[in-house]
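The values are calculated or read from the model by the stated rules, or taken from the named source; none is laboratory data. Treat the numbers as computed from the prediction; the structure is a model and nothing was measured. Neighbour counts are summed over all protein chains in view; Cβ atoms, including those assigned to glycine, are modelled from backbone coordinates with ideal geometry.
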Amino acid sequence: MKKNQKDKVTLLTLGCAKNVVDSENLIGQLKANGFQVVDNLKDASVCIVNTCGFIKPAVEENLSVVLELVNLKLSGKIQKLIVSGCMVQRFDKELKEEFPEVDLFVGVEKQAEIIRYLKGNDDDLKNQLLGERYLLTPKHYAYLKISEGCNRECSFCAIPNIRGKLHSRPIENIVQEAVNLANRGVKELILISQDTSAYGVDLYGKVKLIDLLEELTKIDGIRWIRLMYLYPAGLPDELFDFVADNEKICNYFDIPLQHISDKVLKLMRRGTTEKYIRNLIEKIRVRNPEAIIRSTFIVGFPNEDEKDFANLLDFVEKFELDRIGVFTYYQEDGTSAFPLGDPVPEDEKIRRRNVLMELQKEISWKKNKEKIGSDLLVLVDQKQGKTFLGRTEFDAPEVDNLVYISPQNSSIRVGDFIKVKIKRAKEYDLFGEALKV
């Protein structure tokens, strides 16, 4: 083994679950090439930071992290600094000018360049891409990236400029990775992409999401399959029936609606209307009454007036979506909405976000109270003291409700599926006791 292959490397991951998967793959490659990957920055001679560049607050946060790492390098606490990911893909030239101390800037999907740089040679890249993916999540669930990029033309979004057009992974490749994950003890697969609804259209000439799901449900050891990032336009009706009929697919629809006003939706270039969205939600609930719906909304988009916002409030109040996230609009250079300016004052954007989230808190509280007394199947994610924390099939990691479990059974382990009697509730959490087996 060459001397530089013994360098201790740490990797910091910023941003979304898709970045987590990129980092997991990179760590696998680093380990396969003889590098020691360590968790603590203090123990490392090389630091790699995988960045997010989606919206202004993320960029600002990432820049502060890079600045801190540059200072560590200047003080001699780390020897090499590599900055990778979405922020580099989007602002490569500017970053190189601002941070000349960084040894290497690398955009997205170019992990091999990092390996080649650290090894200091031009070995065949094929030999550098043999590492098994290293899971940063608890070992019982994993994110499964099914595609990259996006063909949509949402006016507020910079992702196509960063990740490019949609490029789906072949079904057989995804299934093989899923089998490998199941063999390593993964029980829940969380499917992610920029646009899950469009999976396969670039490879096969039509959407192949259900075909993919049919193959994944055949894998022994996988108990839950969760769908994230379902673009609302063009969602096939067959998917609603498929989810309802297949016990391995979580009754969970993550559909970013972004708004309900026809005027705003048109300016956003979402390809949907208020009527379409209302019909979509009703169809899901008719065909799958057990399903929960998670969504995201943007407030303060250019030309969103009080009437538009009132319409959005009315929609959320009447349709009572189970989970929502609310973001304030950020004017992003390079997007088609940029010329519209940013006319809504920031304090007004924040007010609208807070009003919407307060409404959602009441809805969530109402729905959680209805679960008191019920027995729910829970996947145990972690242990804190004597209390276990888990999730139902209606909750994704990091973003949704937690179930706090008082163990009545000493044999409970992280990664177990157990039945829990719900005793009490809060707005976003449930509390219960594990039922004896």
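Quick grid of which residues meet (1) touching a residue at least 60 places away in the same chain (Cβ under 8 Å); (2) aliphatic (A, V, I, L, M):
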| position | (1), (2) |
| --- | --- |
| THR328 | no, no |
| GLY341 | no, no |
| GLU346 | no, no |
| LEU356 | no, yes |
| LYS361 | yes, no |
| GLY385 | no, no |
| ARG413 | no, no |
| PHE417 | yes, no |
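Within the span defined as the stretch 236-257, one or more residues are among the hydrophobic types (A, V, I, L, M, F, W, C), surrounded by fewer than 17 Cβ atoms within 10 Å (Cβ to Cβ) and not assigned by TED's automatic domain parsing to the domain that holds GLY415.
Can we say LYS31 is closer than 18 Å to CYS157 by Cα and in contact (Cβ under 8 Å) with a residue 40 or more places away in the chain? No.
Of all the numbered requirements in (1) polar (S, T, N, Q); (2) in contact with a Gly (Cβ under 6 Å, 6 or more places away or on another chain); (3) surrounded by fewer than 17 Cβ atoms within 10 Å (Cβ to Cβ), GLN29 misses one, and that requirement is (3).
Checked against (1) free of Cβ contacts under 8 Å to residues at least 12 places away in the same chain; (2) closer than 24 Å to LEU376 by Cβ; (3) out of contact with any strand residue (DSSP E or B) (no Cβ under 9 Å at 6 or more places or on another chain), ARG287 passes all but condition (1). Taken together, the residues in the stretch 179-216 that are hydrophobic (A, V, I, L, M, F, W, C) and touching a strand residue (DSSP E or B) at 6+ places or on another chain (Cβ under 6 Å) amount to 8.
Scanning the stretch 175-197 for residues that are in a helix (DSSP H, G or I), farther than 20 Å from ALA233 by Cα and among the β-branched types (Val, Ile, Thr) yields a total of 2.
Condition check: assigned to a strand (DSSP E or B), surrounded by fewer than 20 Cβ atoms within 10 Å (Cβ to Cβ), assigned by TED's automatic domain parsing to the domain that holds ARG353 and of a type in the set (Phe, Trp, Tyr). Does PHE327 satisfy that? Spelling it out, PHE327 is indeed assigned to a strand (DSSP E or B), surrounded by fewer than 20 Cβ atoms within 10 Å (Cβ to Cβ), assigned by TED's automatic domain parsing to the domain that holds ARG353 and of a type in the set (Phe, Trp, Tyr). Scanning the stretch 316-368 for residues that are hydrophobic (A, V, I, L, M, F, W, C) and farther than 25 Å from ALA425 by Cα gives PHE327, ALA337, PHE338, LEU340, VAL344, ILE350. Each residue in the stretch 278-309 was checked for being touching a helix residue (DSSP H, G or I) at 6+ places or on another chain (Cβ under 8 Å) and aliphatic (A, V, I, L, M), and 6 of them qualify.
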